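Below you'll find the structure, written out as structure tokens, and then a few comments.
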């Protein structure tokens, strides 16, 4: 178990003033069997009104609006987390989990992932009924066969596109892994969060087996224990976007420059 201090900061600069800005933010970690959040403090600037509520996936959300013209938007979250309390989560039931067996637009396999999946089936020597053994084997293979390369993909890049080019970032590792597991009809979900020692947000997956959600980090080939702080989960990246919103009042489409800084350290 680790006691981690975290700081998440996002700044968006618009090249022209925008107004009537309605936003939804998924940037607040919450308690689970795996982690306990303490001393949580957040600020959103500018805002006229904000409220907190959960979404349909159980993620903590900030909803807000700011009507006046503005050229910058800031989100700042600080707190502490006790991580590694358990190796799993247990919320939901089998019926709820089955919702995550199905591919999405981000994870649907194409010819290259299907070919790779066939290869993994041939290489796997364990029991077909042992979900954990298969999931960890697939993670090991993906970590060895796929290259991490910063800036090589975009937010909209699909699992098939990312896998076909042979390199990607943590989002791509997660989407490809979800695609492979869902081809086995294993319920699994995309997770966003923070990682000890990282300077950016991170992504991994959770799969459901025997009533438990087990978390794996394919980018680092790790069974998640006490160095990851979970923020949100969903079917894929689109369900876990930190910032979503609409704004009006522009003569043309406003260009956005987004900067994210994440700090996770062991508390002294």
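Would you mind telling me which numbered condition in (1) exposed (fewer than 15 other Cβ atoms within 10 Å of the Cβ); (2) not assigned by TED's automatic domain parsing to the domain that holds residue 11 residue 117 fails?
(1)
Given the residues 226, 172, which is the only one that is in a loop (DSSP other than H, G, I, E, B) and either farther than 20 Å from residue 88 by Cβ or more than 16 Å from the chain's Cα centre (by Cα) (or both)?
226
Listed here are the residues, each with its yes/no results for (1) outside any strand (DSSP E or B); (2) in contact with a helix residue (DSSP H, G or I) (Cβ under 8 Å, 6 or more places away or on another chain); (3) at positive phi.
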| position | (1), (2), (3) |
| --- | --- |
| 214 | no, yes, no |
| 230 | no, no, no |
| 233 | no, yes, no |
| 238 | yes, no, no |
| 246 | no, no, no |
| 253 | yes, no, no |
| 257 | no, no, no |
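With a cut-off of at least 2 residues that are under 16 Å from the mean Cα position of the chain (by Cα), name the strands (runs of 3 or more DSSP E) lying wholly within region 1-62.
Once the strands (runs of 3 or more DSSP E) in region 1-62 are filtered for at least 2 residues that are under 16 Å from the mean Cα position of the chain (by Cα), what remains is 2-25.
Exactly one condition in (1) free of Cβ contacts under 8 Å to residues at least 60 places away in the same chain; (2) surrounded by fewer than 18 Cβ atoms within 10 Å (Cβ to Cβ) is not met by residue 198; state its number.
(1)
The values are calculated or read from the model by the stated rules, or taken from the named source; none is laboratory data. Please read these numbers as outputs of a predicted model, since none were measured by experiment. Neighbour counts are summed over all protein chains in view; Cβ atoms, including those assigned to glycine, are modelled from backbone coordinates with ideal geometry.
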